[in-house]
Every structure is written in structure tokens, then in C-alpha cells.
Amino acid sequence: MTHTVEPALDDDHVGGGDGGTGRDGDADAPFAGPDALWVRLGAVERRVREAVAVRRDADPDPDDPYRGQYLTPEAVARILDEPGGLDMPAREPWQPPDRSVLGTLARRFGLSPLDLDLLLVALAPDLDARFERLYGYLNDDLTRRRPTVGLALELCGLGGASPARFRLAPGAPLIEGGLVEVTEPERPPLSRALVVPDRVTGHLLGDTRPDARLTGVLDEVREDPTAETAEVHRAAAAAGTGVGLVHLRSRGGDAEGLATAALRLAGLRPLVLDTAALARRPADVPALARVIALEARLTGAGVVLGPLAALPGEPAERARTLSALCAGLRGIPLFTHGTTGWDPVWAADTPVVLTVPAPSPERQAARWRHALTRAAGAAGDLGGASADAVPVGDVEELAQAVAAHRLDAGQLRRAADAAVRTAALDGRPVGPDDLRVAVRAQNGAGLDRLARRLEPGVGWDDLVLPPTTHRRLRELALRARHREQVLGQWGMRPGGGRGRGVIALFAGESGTGKTMSAEVVAADLGMDLYVVDLSTVVDKYIGETEKNLERIFTEASAVNAVLLFDEADAIFGKRSEVKDAHDRHANIESAYLLQRMESFDGIAVLTTNLRANLDEAFTRRLDVVADFPMPDTGQRLALWERCLGDRLPRADDLDLAFCADRFELAGGSIRACAVTAAYLAAESGEPLTMRQTVTAIAQEYRKLGRLVLESEFGPYLAEATGA
């Protein structure tokens with residue numbers, strides 16, 4: 001056999017990997033020096049040739065066609081006469097070039113020159129099929145075409161009794177790092193075969209694709225180009241301390257984007273894990289952690305894991321998952337992120353905890369500008385046009401339209417994509433309404449199971465309210481829109497575990513416009529309105545009502561929506577003197593609500609017909625209180641006009657001024673009268689008459705339990721009484 005192993009790849013492809021990417025090298029620098037992998041593999045071939053020659057010289061019948069399939073008595077005697085491995089000559093010391101693929105591998109995994117030689121001996125059959133037959137011959141078993149532990153030590157000039165055999169034992173760098181696997185555990189240690197995983201072989205040959213076992217586990221890398229430089233430097237420094245575990249607690253900021261930027265700054269590639277995918281495969285997490293660790297070390301990467309809320313919700317299961325991941329990734333920079341703090345039971349190590357604040361209005365506008373510009377460019381590319389073909393309009397105006405929303409990097413990017421594609425269908429710039437609809441679409445369905453969702457269909461012009469009430473509603477929208485700046489950046493609600501929520505009370509009689517006003521505020525903020533159904537909340541069993549409310553508050557904090565508690569005095573009532581167990585339980589429920597409202601991060605509206613029934617402690621925690629009085633004559637006239645609209649034909653005798661002056665009805669009742677009168681007009685096939693309107697009002701009076709009096713109905717009493 002005269003053929004020798006030569007470098008099989010040209011200078012643009014040799015070595016593979018990422019060229020020393022990581023803290024120990026420049027990510028874009030080429031390999032320095034000769035191709036150490038192929039040069040050293042040639043040395044492995046020379047050792048194999050020597051071993052084959054020695055074996056043939058000692059073999060009385062080297063041309064036996066059944067070699068390796070049986071053992072003759074002469075072969076047994078020869079084996080017994082063979083010397084041990086202690087007197088075998090040691091090979092020359094060898095060190096790969098510092099920035100070659102093998103040099104980089106040695107630094108990342110802590111490998112010695114002997115480890116590299118053992119790795120190359122195990123790797124040889126994957127690079128050159130001739131080694132399979134040669135190893136079969138040297139193993140004296142043609143079916144065993146991988147090197148054994150004993151053969152690998154022999155080819156490195158060492159015997160089986162040498163302490164070097166422990167370089168292939170559990171816990172050694174090659175084995176612990178996953179570069180080499182020792183198979184066939186049922187065999188004696190020296191007879192066990194060595195296998196190099198395909199991903200390691202691919203990396204050494206230049207394949208940058210992640211391990212196939214991570215398919216569906218790795219998520220898209222999302223960077224935040226607007227991240228503050230000081231925050232990025234602090235996070236990068238934290239990752240360089242201890243075991244490299246950092247937990248980012250998000251207070252409305254882009255924690256994932258910050259983690260990615262910090263890893264880039266540290267010279268590491270971000271490896272982002274899909275927490276939802278891990279949650280679906282809890283039994284596979286320990287094995288996946290080893291694969292992730294191998295991928296991270298091979299490519300010089302750090303790991304980003306979050307949001308942690310997507311992991312299994314059951315505390316014990318979540319702890320097992322995180323514990324397995326942190327143990328498997330120990331020593332690798334690992335960023336976890338979520339909206340909650342770090343629980344010590346999640347890992348043996350304690351992370352550095354950093355808070356990620358909500359972005360300033362200027363930074364949020366910059367994030368929208370980047371996302372919209374990128375989405376517009378992608379839409380232009382797909383349509384065969386330039387990015388100018390999909391203009392995005394005034395970015396500051398667009399950002400202001402959704403300023404009250406809390407969005408992570410993924411939600412913001414998806415909303416920008418949806419808004420751009422919607423506008424592109426009509427061939428117009430992206431407008432505020434496009435962005436509001438796209439942002440609302442990012443809400444999950446968790447709250448839909450606990451409350452009734454209303455998509456707002458009314459605006460400020462649809463309200464007929466006193467100026468004072470109108471100002472209170474505008475104040476509520478203002479607080480919701482600027483809460484991150486005032487409560488977060490300026491710290492105007494410090495201490496006490498207080499959240500950054502906005503809570504309002506709408507008090508007034510039934511039908512005065514409380515629910516409709518909440519819908520208008522939600523529409524102004526570009527949010528959905530979720531109406532809490534008290535029948536799904538109140539439970540006769542002790543403690544269950546609090547659990548139901550906790551689920552609602554938790555889900556509401558995670559979505560961009562306005563939460564409406566209609567008839568709130570049913571659950572936010574006054575605490576009373578404790579006379580029995582029922583009173584004690586009711587007071588405990590009220591105390592829980594008081595505490596939970598303090599930490600609420602969302603936007604909530606409470607409505608009540610009986611403001612005096614609310615506990616004073618609740619009132620103190622309210623940000624806005626709006627009173628909804630019964631409408632006066634002018635407001636009732638405006639309501640009649642608004643409810644009847646301009647599409648319903650009207651007869652000449654219709655006197656809405658008389659209706660507004662004589663009948664003291666709330667807005668809800670006026671709407672009900674208008675609808676009933678419209679049905680009567682539709683049945684007659686004629687324009688709406690005064691008689692039909694008065695008949696509808698009389699029906700509403702009877703429904704409300706009010707008397708039909710001549711002092712109110714005057715000349716229309718006969719129509720009202722049906723006489």
C-alpha cells in the first residue's frame with residue numbers, strides 16, 4: 001500500500017468550523033499555518049502502516065484469507081508471548097498551530113496533544129474508508145472496523161496499562177465534551193470501540209450546519225440593534241464571570257435581543273433555544289443538553305434560553321427541565337430570560353441577575369423603524385420591487401399609535417411584517433390602524449378561555465358624556481400610553497412590589513355608557529377589550545375564587561388588552577366584621593385582591609352601579625375614577641340622534657326634542673328604544689313615526705318597572721297605553 005493521505009480540500013475549504021470564532025479568536029479571521037488536520041491524519045496513517053508491518057512480520061501466515069475469523073492454537077501461543085504495552089516507544093510530542101481547526105478545538109475543549117491524537121485515530125475511518133479495513137486487520141477481527149481503546153493507545157505509542165488510558169474514561173475531556181463516544185459497554189475496557197459523532201466530523205471538515213438532533217429545538221436569532229451600549233457591555237461582562245450563567249429579568253425590555261447582542265460583543269455566536277419545543281420534550285432534555293453543549297463548544301457559541309414562562313408550568317417539572325439544562329451547559333455562557341426572578345431550585349449555580357427595563361419612547365420608535373424598514377424591504381424583494389414600493393409612513397406616529405403595548409422582539413417583528421403586508425395589498429403606506437390590528441394579532445388565546453373578548457368598534461365621537469367624564473377617560477388612555485416612561489423610567493411608583501398597571505373605576509347607573517367607554521379607551525389604545533365573566537370567577541369552594549382571579553390577572557399581564565370587571569362590587573366589596581367562617585373567607589378574598597391589584601402590570605377597568613359598596617382600600621389603589629351621571633336633556637337629544645343614525649328614514653312628525661325633554665332615560669335605554677322603534681318601522685314599511693317611537697319608549701318604561709304617566713307622555717299617552 002503506497003497511497004498516502006493528502007489534503008483533500010483546497011485552501012478555501014480546509015479545516016472547517018468557524019475559524020476560531022469565540023473568545024479565543026477573531027470570528028472572521030482565516031486559519032493560520034498549514035492544514036493541521038490533514039497533516040496530522042497523515043501521521044496517523046504512517047503509524048497504522050508501522051503497526052500493520054509489525055503485525056505481518058510476526059504473523060506466520062499473513063496471507064491467510066480467513067484472518068480475523070478464527071484463532072489457531074499457534075496464534076494463541078503467540079499472543080501469550082507478546083510483551084505488554086509498558087515498553088512501547090512513546091511518540092513525538094505534537095502541538096497543532098494555534099489558530100488551526102485542531103488548535104481551536106483543543107482550546108475550547110481543553111484537549112492535550114495526546115487527546116488530539118486519540119481523536120484523529122478514532123476519526124480516520126470517517127475520512128478515509130481504507131482505515132476500516134486496516135483497523136479490522138489490526139483488531140484481528142474483520143467485522144470490527146473501528147479502533148478500540150487498546151488499538152488507539154497502541155497507535156499513540158502507549159500500552160493498555162498506561163495511565164493514558166484514562167484519557168478515554170468518563171469525565172475526560174474527549175468523552176465529557178462529546179467529541180468521542182466509547183461504545184460496546186458490555187466488552188472489556190480495552191476492547192470497546194471508539195466512535196466520533198457525525199457532527200464533530202462535519203465541523204472538522206467545514207460543515208456549519210447545526211447538529212441534526214437539534215432540529216426543531218433551535219429558534220431564530222433575533223438581535224436588537226437599538227440596545228443600549230452600556231447594557232450590552234454589562235451583560236457581556238456578566239457572562240464572563242463564574243460559570244457564565246446570567247438571568248435577564250424583563251420589565252418590558254427586549255431581553256432576548258440584549259442577550260444576543262451581549263454574546264456578539266463577547267465574540268460568541270448566539271444559540272437560541274425554543275423553550276416551547278423543550279417543554280414538549282421533557283424526557284429528552286438531558287440528552288439534548290449534551291448535544292447543545294457540544295454544538296456550543298464546537299462553534300464558539302453562547303446559549304439563550306427563554307422566556308422561562310414557556311417551560312412546563314408545574315413547578316417540579318420546570319425545575320427538572322432547567323436543572324438538566326443548566327447542568328449540561330455548565331461552563332458555557334448561558335442567558336436565561338423571563339418576567340419573573342430566578343428560583344434557586346432551578347439550578348445548582350446562582351446566576352447574575354440583571355433587570356432589562358422597558359425602552360424609552362425614542363428607543364421604541366427606533367425598534368419600530370428597524371422592524372418596519374426590514375419588513376418593507378423583504379416585502380419589496382418578494383414582489384420584485386425595491387423597499388420604496390412598500391413605504392412605512394411616519395414611524396414616530398406609528399410607534400405612538402401602539403405606545404401602550406408591551407412587545408418582545410419576536411412580537412414586534414411579526415407585527416411589523418403583518419402591517420407591511422396588509423398595507424402592500426392596497427398599495428399604500430403603513431398606517432396606524434394597520435399596526436394596531438397587527439399588534440392585537442400577537443395576543444395569545446390564554447385569556448379567551450377566562451374572559452369574553454370584544455374587538456372595539458367605536459370611537460371617541462360615539463360617546464355622549466359630560467366634559468368631566470370625557471376628560472377622565474382621556475386621562476386613562478394617557479396613563480396607559482405613557483406608563484412605562486412615568487412608572488418605569490422615572491420611577492414614580494417605587495417600592496412595595498408595585499406593578500406598572502393602570503386601574504380605573506367607572507361608576508354610574510346602568511346604561512350610562514360605562515362598558516362602551518371602556519371599549520372606546522381600548523380602541524384608542526389599539527387593544528382588545530376582555531370582559532370578565534363573574535360566573536367563571538366566583539366559586540363556592542374556599543380558595544377557588546382567588547385561583548380563578550390569579551389566572552385572569554396572570555394572563556391579562558401577558559397580553560396587550562384592557563381588562564373589564566363589570567359589576568365589580570360583587571368581588572371588590574367592603575370587608576366586614578368577622579362573625580363566622582364565611583366572613584373570614586370573604587375578607588381573605590378581598591385582601592388577596594388588594595395585594596394582587598398592587599402588583600398588576602396590565603390595564604383594568606372596574607364598573608359598578610353602587611360605588612359606595614366598594615372597599616375604601618380599593619378606591620385608594622385606583623388611578624382614575626370616572627363618574628357616569630344620567631344624561632341631561634341636551635345629551636339625551638344627542639343620544640337619540642346618534643342611536644337612530646342617518647340611514648333610518650324618519651317621518652315628519654318625529655319629535656326627538658320632545659323625547660329628550662320628557663323621558664329621563666340613560667343611554668342604554670335610549671338605544672334599546674331606538675332599536676325597538678326601528679323594528680316597528682320596518683314592519684310598517686314606512687318611515688319612523690312619533691307614534692312608533694312613543695310605543696317603544698312605553699315598552700322600555702314597563703321593562704324598567706316605571707309608570708306610564710300623562711305628565712311625561714302628554715299628548716302621546718294614548719299611543720303609549722295602546723288606547
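May I ask you to list pairs of residues, at least six apart or on different chains, whose Cβ atoms are under 8 Å apart, with the first in the stretch 354-366 being hydroxyl-bearing (Ser, Thr, Tyr) and open to solvent by less than 60 Å² (accessible area, probe 1.4 Å) and the second being modelled with pLDDT under 85 and in a helix (DSSP H, G or I)?
Qualifying pairs under 8 Å: Ser360/Gln485; Ser360/Gln489.
Give the residues of the stretch 661-688 that are of a type in the set (Phe, Trp, Tyr) and either closer than 14 Å to Gly645 by Cβ or surrounded by fewer than 19 Cβ atoms within 10 Å (Cβ to Cβ) (or both), sorted by residue number. Break it down stepwise before answering.
The first filter runs over the stretch 661-688 and keeps only residues of a type in the set (Phe, Trp, Tyr), leaving 663, 679.
Result: Tyr679, single match.
Is it the case that Gly171 is on the phi > 0 side of the Ramachandran plot and under 38 Å from the mean Cα position of the chain (by Cα)? Working first, answer last.
Working: on the phi > 0 side of the Ramachandran plot: yes; under 38 Å from the mean Cα position of the chain (by Cα): yes.
Against the criterion (on the phi > 0 side of the Ramachandran plot and under 38 Å from the mean Cα position of the chain (by Cα)), Gly171 qualifies.
So Glu295 passes all but one of these: (1) closer than 27 Å to Pro361 by Cα; (2) at pLDDT 95 or above. Which condition number does it fail?
(1)
Does Ala698 satisfy being open to solvent by 10 Å² or more (accessible area, probe 1.4 Å) and over 18 Å from Ser510 (Cα atoms)?
no
Residues that are over 16 Å from the mean Cα position of the chain (by Cα): which helices (runs of 4 or more DSSP H) entirely in the stretch 256-335 hold 1 or more of them? Spell out the reasoning first.
On the way: elements: 275-280, 285-299, 315-328.
Here the list reads 285-299, 315-328.
Return yes when Val708 is in contact (Cβ under 8 Å) with a residue 60 or more places away in the chain and not in a helix (DSSP H, G or I) and no when it is not.
Working: in contact (Cβ under 8 Å) with a residue 60 or more places away in the chain: no; not in a helix (DSSP H, G or I): yes.
Against the criterion (in contact (Cβ under 8 Å) with a residue 60 or more places away in the chain and not in a helix (DSSP H, G or I)), Val708 does not qualify.
Going by the structure shown, is Arg650 without any contact (Cβ under 8 Å) to a residue 40 or more places away in the chain, open to solvent by 80 Å² or more (accessible area, probe 1.4 Å) and farther than 18 Å from Lys703 by Cβ? It would help to see each step written out before you state the result.
Numbers: without any contact (Cβ under 8 Å) to a residue 40 or more places away in the chain: yes; open to solvent by 80 Å² or more (accessible area, probe 1.4 Å): yes; farther than 18 Å from Lys703 by Cβ: yes.
Against the criterion (without any contact (Cβ under 8 Å) to a residue 40 or more places away in the chain, open to solvent by 80 Å² or more (accessible area, probe 1.4 Å) and farther than 18 Å from Lys703 by Cβ), Arg650 qualifies.
Between Ser535, Ser576, Ser510, Ser517, which is open to solvent by 50 Å² or more (accessible area, probe 1.4 Å), at pLDDT 85 or above and more than 27 Å from the chain's Cα centre (by Cα)?
Ser510
Can you pull out the residues in the stretch 121-147 that are open to solvent by 10 Å² or more (accessible area, probe 1.4 Å) and in contact with a strand residue (DSSP E or B) (Cβ under 8 Å, 6 or more places away or on another chain)?
Passing the criteria: Asn139, Arg144, Arg146.
Would you confirm whether any residue within the stretch 196-207 is in contact with a Ser or Thr (Cβ under 9 Å, 6 or more places away or on another chain), of a type outside the set (D, E, K, R) and buried (at least 20 other Cβ atoms within 10 Å of the Cβ)?
To start, the set of residues in the stretch 196-207 that are in contact with a Ser or Thr (Cβ under 9 Å, 6 or more places away or on another chain) comprises 202-203, 207.
With of a type outside the set (D, E, K, R) added as a condition, the list becomes 202-203.
Now narrow it down to the ones that are buried (at least 20 other Cβ atoms within 10 Å of the Cβ): 203.
Yes; the residues of the stretch 196-207 include at least one that is in contact with a Ser or Thr (Cβ under 9 Å, 6 or more places away or on another chain), of a type outside the set (D, E, K, R) and buried (at least 20 other Cβ atoms within 10 Å of the Cβ).
Has the stretch 298-320 got at least one residue that is open to solvent by 50 Å² or more (accessible area, probe 1.4 Å) and among the polar types (S, T, N, Q)?
no
Just checking, how many residues over the stretch 210-249 are over 27 Å from Ser323 (Cα atoms) and free of Cβ contacts under 8 Å to residues at least 12 places away in the same chain?
2
Every residue, every condition in (1) among the aliphatic types (A, V, I, L, M); (2) over 23 Å from Gly499 (Cα atoms), yes or no:
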position	(1), (2)
Ile292	yes, yes
Leu298	yes, yes
Gly302	no, yes
Leu311	yes, yes
Thr321	no, yes
Val353	yes, no
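Going residue by residue through the stretch 170-192, is there one that turns out to be open to solvent by 40 Å² or more (accessible area, probe 1.4 Å), touching a residue at least 60 places away in the same chain (Cβ under 8 Å) and part of a loop (DSSP other than H, G, I, E, B)?
no
The values are calculated or read from the model by the stated rules, or taken from the named source; none is laboratory data. All values reported here derive from a predicted model rather than from experimental measurement. Every residue, glycine among them, receives a Cβ derived from its backbone with ideal geometry; neighbour counts consider all protein chains shown. For accessibility, only protein heavy atoms count, side chains too; no ligands or nucleic acids. Shrake-Rupley method; radii C 1.70, N 1.55, O 1.52, S 1.80 Å.
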